[in-house]
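Just so you know, all these numbers are worked out from the coordinates, no wet-lab data involved. Since this is a predicted model, take the numbers as computed values, not measurements.
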Amino acid sequence: MAQTITLKDTRRELRIYGGRTAVAVLAVLVALFLVFLRYFNLQVTGYETYRTQSERNRVQLQALPPKRGLIYDRHGALLAANQL
């Protein structure tokens, strides 16, 4: 009679694959938890801190009078000058 030789142990391979999959899923879940924890910290816990920082960071506009050049006609006569 011919003997059958088993080259693969499918149960063992499934167990190893399942373990690797579980570790990968756990790592992704931990990473997502850390991201959401940081998001919560920024949005809820640190709201006042970041709000006051953003209020102080606003740009303040100051009107500066434009300095224009002198305008002459074709004969060299002054048509417009800077007024202060």
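General observations
- Added length on full extension, which subtracts the Cα-Cα distance from 0.36 nm per residue, E55 to L29: 5.8 nm
- Rounded to whole Hz, the Karplus (6.51, -1.76, 1.60) HN-Hα couplings of segment 24-37, x for glycine and proline: 5, 5, 4, 5, 5, 5, 5, 4, 5, 4, 5, 5, 5, 5
- Between helix 47-56 and the chain: long-axis angle, C-alpha atoms, 0 to 90°, nearest 10: 30
- Share of Cα-Cα pairs in segment 43-84 lying beyond 14 Å, as whole percent: 69
- Correct option for Rg and Dmax of the Cα atoms in Å [calculated from the coordinates] among [x] 13.4, 43; [y] 14.6, 47; [z] 37.0, 121: [z]
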